[in-house]
Amino acid sequence: MKKIKGSSWLLLLILIYLMAGCGNTPSVNESEPPNAVGFVEKKEILFIKGSYQWHQAIADAPSPDNLVKNAAIYVVKPNAELTLTFKGEEPKEIWGGLWENQNYTPLLKEKNMIRLPSKPGIYVLTVGGKWSGDDRGSYAAAVEVKE
């Protein structure tokens, strides 16, 4: 059996270290932003991914009202607190608002919590995140505010 010289061992260890490290790189190799999930009083709200810019790729989606046209409508209480999370790397910044008549109206936001409307009705909720660089994504869900 051949004996391996010291420099060969070092090279082998560096190679193993580099190969192990490549598998743990967070979302650099992902082709689109992570999925968004909201929680209102332990009820899960699944958001539909809309337009995004991610690692120099751009995807254009229909407007939020068209994204949720045939989607589930989640019933929430007035002034409910929506906590937003992502299935992957968390963004550095989030936003949320209502999409009405092709216009965006921002909702009150505190950290990763968004305050939902107080007035009963069905709303198109649009949320989004901004990651490092120019990476960003938008998402939509339909909610019904009900007493």
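The values are calculated or read from the model by the stated rules, or taken from the named source; none is laboratory data. Please read these numbers as outputs of a predicted model, since none were measured by experiment. Using ideal geometry, Cβ is built from the backbone for each residue, glycine included, and neighbour counts are taken over all protein chains shown. Side chains are part of the model used for accessible areas, which takes the heavy atoms of the whole protein and leaves out ligands, DNA and RNA. Shrake-Rupley method; radii C 1.70, N 1.55, O 1.52, S 1.80 Å.
The rows are residues; the columns are (1) aliphatic (A, V, I, L, M); (2) at pLDDT below 95; (3) in a loop (DSSP other than H, G, I, E, B); (4) open to solvent by less than 30 Å² (accessible area, probe 1.4 Å).
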residue	(1), (2), (3), (4)
P62	no, no, yes, no
N70	no, no, yes, no
Y74	no, no, no, no
P78	no, no, yes, no
P91	no, no, yes, yes
(Q) Going by what's in this entry, would W131 be described as modelled with pLDDT of 95 or more, open to solvent by 70 Å² or more (accessible area, probe 1.4 Å), within 16 Å of the chain's Cα centre (by Cα) and of a type in the set (F, W, Y)? (A) no
Q) Can you find a residue in the range 116-127 that is basic (K, R), over 18 Å from P33 (Cβ atoms) and surrounded by 13 or more Cβ atoms within 10 Å (Cβ to Cβ)? A) no
Q.
Six or more apart or on different chains, Cβ atoms under 8 Å: show the pairs whose first residue is in the range 32-45 and over 19 Å from K109 (Cβ atoms) and whose second is of a type outside the set (D, E, K, R) and open to solvent by 80 Å² or more (accessible area, probe 1.4 Å).
A. N35/L46
Q: State yes or no: is A20 over 12 Å from the mean Cα position of the chain (by Cα), at pLDDT 95 or above and either farther than 22 Å from D134 by Cβ or in a loop (DSSP other than H, G, I, E, B) (or both)?
A: no
Q) Within the group S27, S51, which residue is open to solvent by less than 50 Å² (accessible area, probe 1.4 Å), at pLDDT 95 or above and polar (S, T, N, Q)? A) S51
Q: Would you mind stating whether Y104 is at pLDDT 95 or above, in a strand (DSSP E or B) and within 26 Å of H55 (Cα to Cα)?
A: yes
Q.
Six or more apart or on different chains, Cβ atoms under 9 Å: show the pairs whose first residue is in the range 103-121 and farther than 17 Å from V145 by Cβ and whose second is in a loop (DSSP other than H, G, I, E, B).
A. N112/E90
